Every structure is written in structure tokens, then in C-alpha cells.
Amino acid sequence: MGCPYRIGYGNDLHRLAPGKPLVLGGVRIEHSLGPEAHSDGDVLLHATVDALLGAAALGDIGELFPDTDVRYRGMDSSIFVRRSIELLRDRGWRPVNVDAVVLAQAPRLGPYKTAIRQHLAEMLGLGVEQVSVKAKTGEKVGPIGLQEAIGAEVVVLIEPTGPAA
Ligand code: MG
């Protein structure tokens, strides 16, 4: 029998604009800029969805939740994560742990990290100690560093929910 685990990777990037609400990992962040997006533009949750779907080879967020679909306008991206977890569960998979990086020049995410980890853990059915959220600036260069965009990268490990066939 081979290794029962599978790994998934996802990333996301949204353009930033003044006066838009900034939500990361389902947590509202105080900031003067926010993502231009069809849904709530939560880059951390969008990257998490792609990591989950990728681990189970179930496609990607654009295929499952197309931004041409009016139902998803302004949508809380937590819905996409919960739906992805259901899809994995239907196929006999559950997450083991998550490691995420938010790419943002500002604001500092330190004060929000615990709340973000707790919300992610709750959605994924994990303990908070199984969810890592890190933050990285863009060193004031490029789209991240100049605050033209915000991004996220996520890896997730999944395991079979039952005994391997
Ligand atoms: Mg996105």
C-alpha cells in the first residue's frame, strides 16, 4: 500500500482598491484598502479552497464557483470552504493540517492571527494547533509591496476518512 496522504496547493491574488472591506480567513480586518472581487475576495479562503480541491484532484474554485454566477456576488467565501470540505468528505477525504501564508504589505496581521486560525480550524474540522497562518510583506516592491494587490498561498494535507481500500 502506498502513502495514504495527499497534498494540495492553492494560491490567490486580488487587486486592492480604496474603501473595500478586507476579509481574511473569514475575519474582518480594519484597513483602508480591500479586494476588488465578485465574492468577498477573501484570498486566504480562496487559496484554501484550491488547496483542498487540488489535494483530492477535484478541479478548482473557478470551475466549482464561477465568478459569472450571480449567486456568488458578494458571497461569504466561508461557503466555498464548507462546500469543498463536503465534496472531499463525499469522496472519503478529510484535512490533516493546513499551512498558509498571507502576502500583504499592510496591515500587520499579528492581532488577527488567532481569530483567523480559529475560524479556519472550525470550518475544516481541525484543532487550532493543526492550522498555521503566517504573513509576509512584499518588501515594498512589486504588486504586493506597493499595496496594489493582496495574495495568499496555502498547502493542505488530506487523509482517508476510513481504512484504505
Ligand atoms: Mg479569489
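Would you be able to say whether some residue in the stretch 51-73 is at positive phi and touching a helix residue (DSSP H, G or I) at 6+ places or on another chain (Cβ under 6 Å)? Looking for residues that are at positive phi and touching a helix residue (DSSP H, G or I) at 6+ places or on another chain (Cβ under 6 Å), one finds at least one in the stretch 51-73, hence yes.
Residues are listed down the side, and each one gets a yes or a no for (1) away from the ligand (no atom under 15 Å from the Cβ); (2) at pLDDT 95 or above; (3) under 14 Å from the mean Cα position of the chain (by Cα):
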{"site": "Gly26", "(1), (2), (3)": "no, yes, yes"}
{"site": "Leu33", "(1), (2), (3)": "yes, yes, no"}
{"site": "Ala37", "(1), (2), (3)": "no, no, no"}
{"site": "Thr48", "(1), (2), (3)": "no, yes, yes"}
{"site": "Leu52", "(1), (2), (3)": "no, yes, yes"}
{"site": "Thr68", "(1), (2), (3)": "no, no, no"}
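For Val23, state whether it is of a type in the set (A, V, I, L, M) and farther than 16 Å from Ile158 by Cβ. In short, yes. Restricting attention to the stretch 145-165, which residues are open to solvent by less than 30 Å² (accessible area, probe 1.4 Å) and out of contact with any Pro (no Cβ under 9 Å at 6 or more places or on another chain)? Answer for the stretch 145-165, where residues must be open to solvent by less than 30 Å² (accessible area, probe 1.4 Å) and out of contact with any Pro (no Cβ under 9 Å at 6 or more places or on another chain): Gly145, Ala152, Val154. For the stretch 70-88, the candidate set comprises residues that are farther than 25 Å from Glu148 by Cα and open to solvent by 30 Å² or more (accessible area, probe 1.4 Å); within that set, the residue that is farthest from the ligand (Cβ to nearest atom) is Glu86.
Contact map, the stretch 103-115: residues that are within 19 Å of Gly10 (Cβ to Cβ) and outside any helix (DSSP H, G or I) paired with residues that are open to solvent by 40 Å² or more (accessible area, probe 1.4 Å) and not acidic (Asp, Glu), Cβ distance under 6 Å, separation 6+ or inter-chain. Pairs shown: Leu103/Lys136; Leu109/Ala135. Please go through the stretch 32-59 and give me each residue that is in contact with a Leu (Cβ under 6 Å, 6 or more places away or on another chain) and surrounded by fewer than 17 Cβ atoms within 10 Å (Cβ to Cβ), ordered by number. Scanning the stretch 32-59 gives a single hit, Gly59.
The values are calculated or read from the model by the stated rules, or taken from the named source; none is laboratory data. The model shown is predicted, which means the values in this text are computed figures rather than measured ones. Quick reminder, even Gly has a Cβ in these numbers, built from the backbone with ideal geometry, and neighbours come from all protein chains shown. Heavy atoms of the whole protein, side chains included, go into the accessibility calculation; ligands, DNA and RNA do not. Shrake-Rupley method; radii C 1.70, N 1.55, O 1.52, S 1.80 Å.
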